[in-house]
Ligand code: LLP
């Protein structure tokens, strides 16, 4: 459920007419619905109400401070993968005791920053990383809580770029030698080994891969406890899929019903790290048609957003619904929707039947709230888009559009070149 809808042919976000934002703020612009963010969060939170749980919002999906803040106010913690994401989380006001830190390559500086911030837990991905955390914690006179990320070797049935739980992926520790690694870490004086973590991929549409993964994690937890390793936290990662076109993702309640019996059997606190589920359909990207170019082979709709703003189609051939924000007729045509960047992969749709558009029309790319702005870049020296948050009948610019001056921030020309 989201709060973007057409009323008399005009797209609204909650009670705000999207056209008004395009006119006032310009394009390209990302637009987020506060009500949708909260609704998605609450659906998941309610689904797990009967057990002790913590939802750590995966900041990589959308790291705008206002978005993080919205979720923190609902009770969320954050799932971070860098010092930068920790900085953002803290700036948004997160309770550090609700922050979990994942990623296979944490630097000593990042580990120190996290320990000094008193985060809840590290999701550790190798024994050498455990040694590094132990060393830094010792130096700081702290004890670090850790979970090992276990690679359960299950097929998540999603795009090969975003599956992470197979044994050939670079993530986590091999489940077959997990007990040995947990035992080694458990002997280190500055670590409290208290959790098992697994994240098997992203845009997963059914509970089946999670059930399979838990089928391996639950016996592992038993075995670890038999080895006097005090596991109290079970983190099942993120990965819940959303609708881009006509997918049939699971409801939060069905997901919970499928996995709760297994989770309960462990008596662990449950941690979840959803990103896309919360932010995906909470955001759209708006762009303006600059030109329509008709060639013998194709019709190109050239827009003012590009792969630097939303890279998912270029990178994963991802599908985003595209519609004008003002619908005046139902006439359709087959087009390529492309950006101004000098690369053929700079497209948002190829050979797609869309409602006929004209120069100066505004288009919406839907389901752009997750991995949209966060994956944007300055390629072709294009300033990054603005971000706007809508609440009821008001909107707030939550990130200014970058300027040309921002593009050269920190750069300098050495004297010898003058
Ligand atoms: N936890 C961990 C350890 C992760 O690596 C990820 C995502 C998440 C949680 C959140 O996953 P989600 O609930 O959003 O599926 N850029 C790709 C997606 C990459 C996902 C990376 N890890 C895309 O645009 O589809």
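The values are calculated or read from the model by the stated rules, or taken from the named source; none is laboratory data. This is a predicted model, so every value here is computed, not measured. Positions of Cβ are generated from backbone atoms using ideal geometry, with glycine treated the same way; all protein chains shown enter the neighbour counts.
From the list 15, 10, 5, 50, exactly one residue is over 17 Å from residue 397 (Cα atoms), out of contact with any helix residue (DSSP H, G or I) (no Cβ under 7 Å at 6 or more places or on another chain) and in contact (Cβ under 8 Å) with a residue 40 or more places away in the chain. Which is it?
Details: 15 fails: over 17 Å from residue 397 (Cα atoms); 10 fails: out of contact with any helix residue (DSSP H, G or I) (no Cβ under 7 Å at 6 or more places or on another chain); 5 fails: in contact (Cβ under 8 Å) with a residue 40 or more places away in the chain.
The match here is 50.
Please go through the range 260-276 and pick out each residue that is within 27 Å of residue 38 (Cα to Cα) and more than 19 Å from the chain's Cα centre (by Cα). Reasoning before the result, please.
If we filter the range 260-276 for residues that are within 27 Å of residue 38 (Cα to Cα), which is where we start, we get 260-261, 263-264, 268-276.
If the condition is that a residue be within 27 Å of residue 38 (Cα to Cα) and more than 19 Å from the chain's Cα centre (by Cα), then 260, 261, 263, 264, 268, 269, 270 are the ones that fit.
For residues in the range 283-319 being crowded, with 16+ Cβ neighbours inside 10 Å and within 12 Å of the ligand (Cβ to nearest atom), which is nearest to residue 247 (Cα to Cα)?
319
Does residue 138 satisfy the criteria of being under 20 Å from the mean Cα position of the chain (by Cα), away from the ligand (no atom under 15 Å from the Cβ) and in a helix (DSSP H, G or I)?
Numbers: under 20 Å from the mean Cα position of the chain (by Cα): no; away from the ligand (no atom under 15 Å from the Cβ): yes; in a helix (DSSP H, G or I): yes.
When the stated conditions are applied, residue 138 does not pass them.
When both residues are 6+ apart or on different chains and their Cβ atoms are under 6 Å apart, which pairs have a first residue that lies in the range 185-213 and is in the same structural domain as residue 257 (by TED's automatic domain parsing) and under 19 Å from residue 102 (Cα atoms), and a second that is within 11 Å of the ligand (Cβ to nearest atom) and part of a helix (DSSP H, G or I)?
Final answer for the pair search is 201/162; 202/162.
So if I check each of 343, 333, which one is more than 18 Å from the chain's Cα centre (by Cα), in the same structural domain as residue 9 (by TED's automatic domain parsing) and in a strand (DSSP E or B)? Quick ask: steps written out before the conclusion?
Working: 343 fails: in a strand (DSSP E or B).
The match here is 333.
Regarding the range 57-73, can at least one residue be identified that is within 14 Å of the chain's Cα centre (by Cα), assigned to a strand (DSSP E or B), in the same structural domain as residue 116 (by TED's automatic domain parsing) and surrounded by 24 or more Cβ atoms within 10 Å (Cβ to Cβ)?
yes
Sort out which residues of the range 181-230 are closer than 16 Å to residue 122 by Cβ and within 16 Å of the ligand (Cβ to nearest atom), and write them in order of number.
Selection gives 195, 196, 197, 198, 199.
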